[in-house]
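The values are calculated or read from the model by the stated rules, or taken from the named source; none is laboratory data. Remember, it's a predicted structure, so these values are computed and weren't measured experimentally. Cβ placement follows ideal geometry from the backbone for every residue including glycine, while neighbour counts extend to all protein chains displayed.
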Amino acid sequence: MKSFLRYSQKILSAAVLFTLVLGTLTERAVAQDNTDTYVSGIDLLPESTAGVVRIPRLPDFCNAWQQTNLGQMLASKEMQPFIDAQRERAMNYFDTLDRKIGLKAKDLYDIASGEVVFAWMAFPNDNKRPFSFCVIADTRGRQEDADVAGKQIDEELKAGGATREDIEFGGETIRVYRTKPKPGQLKVEEIAISWNADRFIAADREVIVKELLTAVSDESARKAFSKRESFINAMNKSRTSIEDANEATAKVCWEWYAEPFSMGRILREVFEYDRHDDLDIIELLEGQGFGVIEALGGVGAVNGDRFDVLHRGVLLTSGKLTKGSRMLQPTNKPLQPVPTWPTPDCGAFYRLNWDLETAFWSAESLVNAALGDDLFRPMLNGIRDDVEGPQIDFAKDFIPNLDDQVLLITDNTTPVGPESDRMLIAVRIINPDVVAEVIRKWMEVEPDAQKLDVEEFDVWQVEPGSGTSDDDLDADLAELGFGDVVEEDVEPLLNHWSIAVVRGKTKEDAYLMFSSHSELLVKMGQRVTAGVNNNDGLIDTETCKSVTQAIKDLGAEEVFIDGVYQPHVSLRARWELLRKGQLKDSDSLLANLIRRFVEKEQENGQTDPLKASLLPPFAKIESYLKGGGVFWSKSEDGWDMTGFLLKE
């Protein structure tokens, strides 16, 4: 799990750093031949393509991004010390990645006058390196810049000990560089580049460049990838959704597509995810029927009149849900107002409509397959029948009483401190009396739990390690066959948490609440029990009103996810703690993830690897942060996904 978190964080950091590199570069005039003879890089890609990111016009992306609220924030004088440090960090990061193809992020900015395509191809028969990566950049009008980049790549690779071979292919020259194996490395690395007045191609395999050049000259070889039905459907649906937003001034800045399992295997290799056990997560999910998720894709537009950033995408499915994939049980429901009980100081509110009972029992196949044994029901039966345990019958008393809605709420307190960042999950329940009895039985035998003095409902606070439950849990897991998978060096994601059953004025307002902080649970729970409607909730804020109206205007009628985001509230505590070097002491989920992300650099003696001390006070940049929203809907083809940040 620890390695998987690092792997996920590397993917996220790559996206963030790429935005910092390209989104903060200065505007540059472009002279480009706009004739229709240019063949899009998308149409050149081979059939083996598993994932693509396309920037229709790189200069437009940079220029449009600079005009967004986030772009202006990054360009503000208050942010420059931090941005300069991050740009250097990003350049160093991408230098290590782009060593695979010779081309750096800054090179792309210098040479690209139009479209840039990044693509990943699957090579499943190559056990040592089952993927390939390429970049195709439109260089029309920037021939001299491309020549300079080619010369610089040549000098740097040769200086690093690479050998060069020039190959003539279809009237073009391919420079193939082979680097000497490092100690312990079995395979010679290869970099291939080719460019002319129209495009610059860089890849980590000679054969990929040859395939691309063949498609340039031979029309019959084109669209091997772009004619794929799932790609066409994903792009058409996403582009249509962007057009339906009526944001004529917004600039489409990126398009993306991925086949999840092929790209999952590729990214696992790219980011060197090290599996510490024999469990192959991707293979497990495929075997459990999750292959029904055929593809994902989307389109992003920025700097519109109403939306600063707008993304509309799809998840495409085909076939029937089987085995563990039956956990995928979203249920569309008419869009509802935000409840009155979340308070105005909530940073985010998300609502998920899901068939929880079906999803729970569908997990049986997945869990048993992961463990290699039939342990799911025996574990539940063991909890029910253990005379020394809580004797909870989850199958009878708990699971059937879970309704089909889950709420996630975050907030933070001032003055800002390590305990400021808080979160709460509220699961709507059907029979609160039965669920409350389940929780009571569980907590009364939990050594780390203590009951708090709250009049309206029973609240239990749990602090892992304060009792003996860690040792007991390890023993129980070992008895069930989990002994080899417990990672002792991984800290808990929460140092304390609380749980309670809360009853409102109506049967729809009964929740099982779980929170990182008991104070937040008590605060929200008391508002639920009181049935507050005093025009003092999140729903009454101008941000929430603007976001919910935008969600409606974007066509949300029936949804299974919807949410409101207030970054000027949500980021407040995290920003200040990060800036002051105190986030590592925070008990938030994000803080624990960040600790894990930078721990390797801290081990190398860097006390502030993110250079967060260079950030300005939050009050200096708060005005740039506007509200945002999200909604997802289930469709005949899969899921439709929308997310946005408002301009004002």
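Given the criterion among the small types (Gly, Ala, Ser) and under 27 Å from Lys323 (Cβ atoms), identify the matching residue among Ala436, Ala370, Ala426. Write out each step before concluding.
Values: Ala436 fails: under 27 Å from Lys323 (Cβ atoms); Ala426 fails: under 27 Å from Lys323 (Cβ atoms).
When all the criteria are applied, what remains is Ala370.
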Need at least 1 residues that are touching a Gly at 6+ places or on another chain (Cβ under 7 Å) and of a type in the set (D, E, K, R) per element, so show me which strands (runs of 3 or more DSSP E) inside the stretch 292-369 make the cut, counting only ones lying wholly within it.
307-317, 346-353
Residue check, Thr163 against (1) under 17 Å from Glu211 (Cβ atoms); (2) touching a Phe, Trp or Tyr at 6+ places or on another chain (Cβ under 8 Å); (3) among the hydroxyl-bearing types (Ser, Thr, Tyr), all met but one. Which one?
(1)
Which of (1) crowded, with 17+ Cβ neighbours inside 10 Å; (2) more than 16 Å from Glu168 (Cβ to Cβ) is the odd one out, the single condition Trp195 does not satisfy?
(2)
I'd like the residue in the stretch 623-648 that is in a strand (DSSP E or B) and of a type in the set (A, V, I, L, M, F, W, C) and, out of all such residues, is nearest to Thr317 (Cα to Cα).
Trp639
Taking the options Thr343, Thr317, name whichever one is among the hydroxyl-bearing types (Ser, Thr, Tyr) and outside the structural domain of Lys441 (by TED's automatic domain parsing).
Thr317
Candidate set from the stretch 516-539 (those that are assigned to a helix (DSSP H, G or I) and charged (D, E, K, R)); member that is surrounded by the most Cβ atoms within 10 Å (Cβ to Cβ)
Arg527
Can you find even one residue in the stretch 203-213 that is touching an Asp or Glu at 6+ places or on another chain (Cβ under 9 Å), crowded, with 16+ Cβ neighbours inside 10 Å, free of Cβ contacts under 8 Å to residues at least 60 places away in the same chain and more than 30 Å from Lys634 (Cα to Cα)?
yes
Of the criteria (1) assigned to a helix (DSSP H, G or I); (2) touching a strand residue (DSSP E or B) at 6+ places or on another chain (Cβ under 9 Å); (3) more than 26 Å from Lys634 (Cβ to Cβ), which one Met513 fails
(1)
Filter result (surrounded by fewer than 23 Cβ atoms within 10 Å (Cβ to Cβ) and out of contact with any Pro (no Cβ under 8 Å at 6 or more places or on another chain)) within the stretch 121-134:
Asn125, Asp126, Asn127, Lys128, Arg129, Phe133
Segments classed as strands (runs of 3 or more DSSP E), wholly inside the stretch 107-187, with at least 2 members that are modelled with pLDDT of 95 or more and of a type in the set (A, V, I, L, M):
116-122, 131-138, 172-179
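Are any residues in the stretch 566-582 free of Cβ contacts under 8 Å to residues at least 60 places away in the same chain and either surrounded by fewer than 20 Cβ atoms within 10 Å (Cβ to Cβ) or under 28 Å from Gly537 (Cα atoms) (or both), and if so, which ones?
His568, Trp575, Arg579, Lys580, Gly581, listed by residue number.
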Take the conditions assigned to a helix (DSSP H, G or I), outside the structural domain of Gly51 (by TED's automatic domain parsing), among the aliphatic types (A, V, I, L, M) and surrounded by fewer than 16 Cβ atoms within 10 Å (Cβ to Cβ) and apply them to Ile232. Does it pass?
yes
Could you check Pro390 against (1) more than 26 Å from the chain's Cα centre (by Cα); (2) modelled with pLDDT of 95 or more; (3) not small (Gly, Ala, Ser) and say which number it fails?
(2)
